[in-house]
1. Among the candidates A:Phe252, A:Phe284, which residue alone is crowded, with 22+ Cβ neighbours inside 10 Å, away from ligand 2 (no atom under 16 Å from the Cβ) and not in a helix (DSSP H, G or I)?
2. Pick out the one residue from A:Phe298, A:Phe321 that is closer than 24 Å to A:Trp253 by Cα, within 14 Å of ligand 1 (Cβ to nearest atom), in a helix (DSSP H, G or I) and hydrophobic (A, V, I, L, M, F, W, C).
3. Can you go through A:Thr177, A:Thr184 and tell me which one is under 24 Å from the mean Cα position of the chain (by Cα), under 16 Å from A:Val263 (Cα atoms) and among the β-branched types (Val, Ile, Thr)?
4. State which residue is farthest from ligand 2 (Cβ to nearest atom) when the search covers only the range A:301-318 and only residues that are in a loop (DSSP other than H, G, I, E, B) and at the interface with another protein chain (Cβ under 10 Å from one of its Cβ atoms).
5. Check the range A:367-380 and report whether any residue there is more than 7 Å from chain B (Cβ to nearest Cβ), in contact with a strand residue (DSSP E or B) (Cβ under 8 Å, 6 or more places away or on another chain) and crowded, with 23+ Cβ neighbours inside 10 Å.
6. Are any residues in the range A:149-169 farther than 12 Å from A:Gln74 by Cα, in a helix (DSSP H, G or I) and either aliphatic (A, V, I, L, M) or within 11 Å of another protein chain (Cβ to nearest Cβ) (or both), and if so, which ones?
7. Considering only residues that are among the aliphatic types (A, V, I, L, M) and more than 16 Å from the chain's Cα centre (by Cα), which ones fall in the range B:150-166?
8. Run A:Thr324 past the list (1) more than 8 Å from chain B (Cβ to nearest Cβ); (2) within 16 Å of A:Thr401 (Cβ to Cβ); (3) β-branched (Val, Ile, Thr) and report the number of the one that doesn't hold.
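The values are calculated or read from the model by the stated rules, or taken from the named source; none is laboratory data. Since the structure is predicted, the reported quantities are computational estimates derived from the model, not experimental observations. Using ideal geometry, Cβ is built from the backbone for each residue, glycine included, and neighbour counts are taken over all protein chains shown.
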Amino acid sequence: MAAIPERLVAVHSESRTYTGIWSWLATVDHKRIGIMYILAGLFFMAFGGAEALIIRLQLWAPNSHVVSAETFNQLFTMHGVTMIFLVAMPILIGFINAIVPLQIGARDVAFPRMNALSLWLFVLGGLFLYSSFLFGSMPDAGWFNNAPLSELAFSKGLGVDFYDIGLQISGFGTLMTGINFLVTILNMRAPGMRLLRMPLFTWSALITMLLILFAFPPITVNLILQMFDRLFGANFFVVGNGGSALLWQNLFWIFGHPEVYIVILPAFGIISEIIPVFAKKVLFGYESMAMALSVIAFLSFMVWTHHMFADGLGPVVNSLFAITSMLIAVPTGIKIFNWLATLWGGKIHFTSAMLYALSFIPLFVIGGVSGIMLAMAPADLQYNDSYFVVAHFHYVLFGGTLMGALAALYYWFPKMWGRMLNEKLGKWNFWLVFIGFNVTFFPMHISGLLGMPRRISTYAPGNGWTIWNQISTIGAFILLAGMLILLYNLIQTFLHPADAPADPWDGRALEWSLTSPAPEYNFAQTPLVRGRDAYWLEKREGDGKLQPAEPAGPIHMPSPSLAPLGIALTIVLAGYGAVLHSTIIGGLFLLLTFVQIGRALLAEDHGFHVTPHVGGEAQ
Amino acid sequence: MRWTQRGFRVTLPLLALSAAALLSGCGLGKQSTLSPAGPVASAQLGMFWESLAIMTGIFIVVAAVFLYSIIRFRARPGDNELPKQVHGNTTLEIVWTIIPIILLVFLAIPTVHYSFAFQAPATAMKVDVVGHQYWWEFDYPGSKVTTANIVHIPVNTKINFVLTSADVIHSFWVPELGGKTDLIPGRVNHLLLEASKTGTFYGQCAQLCGPGHAYMKFEVVVQTPAAYQAWVSAMQHPTVSVTTSEQKAGMALFKQDCSTCHTVGGTSFNGKVGPNLTELMTRPTIAAGTLTNTPANLAKWLHNPPGVKPGALMPNLNLSQTQIQSLVAFLETLK
Ligand SMILES: [Cu+2]
Ligand SMILES: [Cu+2]
């Protein structure tokens, strides 16, 4: 059997082509969509980070007035909303986009145009949220936007309207991503890529998409109900008129807890990819890793009231949810021990990607064990809504998710951009972030235990909080230095020519069998998968090349299209109509949205074909 | 290997020492969960230490295996041979599933036990707490006493704080007496607390409730039963003796400008929007801990409440300096 050719040379196309920036705006290529997700995520991270730094400056000293209390509330609300919805999720979804189709031997996702629509809904939804700044007030009721504080009677600015509608818009995109990737992973695997042969990153993506599918509807319902309250005078959360304050919290956390797994499971997957590659050892306990992911996902829907232990739901509810919350420690522990066992007896190479992946283990364990402490409901009454909780979730979200995302960035950078990030800068970047992170967030455990509530815009001296806050603030600036080095590394890498080899790390999964960056059509011939770690297997037991599962022939490709961007744009403009109480603007742009969707559905578009030339000869 | 071991032997105690020094040097403050003054807070601190011990144990095991692995198994230059590939080990995997389950049982038992034990018994003394943006109302059912931002309770007595809210969600938290419970509009929550020594304990709202959230503090004064009874009867029989002309002018102004919102025991003023001002001068602070209660600060407050306290719902009444002086003179008689 002939090996798969490296590159196809001739491309001929019957559909419209776009060049320059338009080729990005109209792309339906999962790899380019992945790149844009990540760049947009990093862009929003700059905002979320700046907000965090202002918060830290305000809390440097007691009774300080760097910002007003009103501004402070907007800052931490937007910091939370940004980091969860506009940074953590998009960056991880970006890696899933860029890598998962390659890992399963697919040419694209199941619904490429819908994929582009998801991207644009997130990007424009995020900009929409931030545009609230121009309308005088950003969301200010915290990232979980508790009712009734977020109701019209108590939050009169337009900020919360932007929250309700902005998150609906971007959440709509996320839900479509969930469906898209479920179908992709279940239906588009190359021959031989059985479920239990999938790389763990793909496994984590599969489970994450299931979580999205079930977790996003409850928050969407919440947002719609509150939109009705605020725009049309309904009373779902207006207590005096028969509404319920707890309804919001229940629906929010039924989403909110799975959400934290939506942003941590892909990081688990990333760590499970990187550790075997740089320890030169097969992942220990593959089946139990996949199993643990599934069990965590299942349990994550049964723990939501641990965010509500102080709501007085009673001893039975609190006990039950405390126990289910503790149970999550078991599958999570299995994952940690499997990673340790993978390291044990390996030959560890300390690349920047590996440093980030390794740091994930102790940091996530710290966040995990403080999580178990929080699960003890009667003790949690002391930690709840204090800085102890702030420390806990930054250890899992920053120490876990963000360290995982940075590991992925260094690891997959060559595959996505065809260039290698500078390793020396990478190490500076890592150590500053690692030290800065711990200096910032570890002291928050202590300020929390000393009784400092979260979300207070200032504090009086005399509680022993000042010193810990000052250490945190210093840490935040060390973190800033680390992130600026990352920025510098990115810029100077982009200025280099794209010369990364196909397989710089001696990788194990299919993406490393392709050129860096991968060609538009991914695989010239769909590969035949003969086992787990499919590419590694061919390198060790075959001739280093994948076997094709189909004869070489023209490859069908989806046409680029500006429709997804156009649809997302009109949806966002309709959103402005809603926020501004303008039936005309809202109705007009909703109508335009449906017209565009109709046109896109009815238009005849057969895509185009790429014809492979093998060995310079047309077939 | 050796340098890390030595490194740890030196750094770990150093870290512990410096943390201890910082804690003792700056003190635990007056709102610390680490200095309990009652059985509920003590039980919670006990759970904290128990779980912290188990969790530190787990962390040390993981960190030790982790550090050993990354030092012992680092790639040596020139050694390109593949290490032995190990796919799994069922015994090991069962062991590290079972051990955490056993440890969790040790945490689950006190969790369930105290979830039930912290329920207020029917015999407990009741104090009604109403959360307002951004101050606390305390009502003593049966004795017709109402205060704001300061609550007196007898020592060694189980108190059932009955929690509701007039507007948004707040959270009642006195760390030295025990954990917090939210005040949720449309709901009645109960929080059992008990103080085992007399003195003043400090509380603060723990649930974001708007721009004034950081300024929503209160004090719990724990007294001997006799002193507590004396306080109750003083509150039940307030006497307002307005004598000077300035005080009289102040009282008239109060009637006109303030009585729609404020109640003053011993007078006919019975507004319910703002804090009850009966015996105002016995409160150590005003505006829920924002200012110490001095005549100068009262004047500052009356001059522009939202300027003193972000989000305060007492409006700026644009009072003149003389009006303010006479109002303060009147308020000073409330003791
Ligand atoms: Cu949770
Ligand atoms: Cu509050």
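1. A:Phe284 is the lone residue from the list that is crowded, with 22+ Cβ neighbours inside 10 Å, away from ligand 2 (no atom under 16 Å from the Cβ) and not in a helix (DSSP H, G or I).
2. From the options A:Phe298, A:Phe321, the qualifying one is A:Phe321.
3. A:Thr177
4. A:Gly314
5. Yes, the range A:367-380 contains a residue that is more than 7 Å from chain B (Cβ to nearest Cβ), in contact with a strand residue (DSSP E or B) (Cβ under 8 Å, 6 or more places away or on another chain) and crowded, with 23+ Cβ neighbours inside 10 Å.
6. The answer is A:Ile165, A:Leu167, A:Ile169.
7. Residues satisfying the conditions are B:Val155, B:Ala166.
8. Single failed check for A:Thr324: (2).
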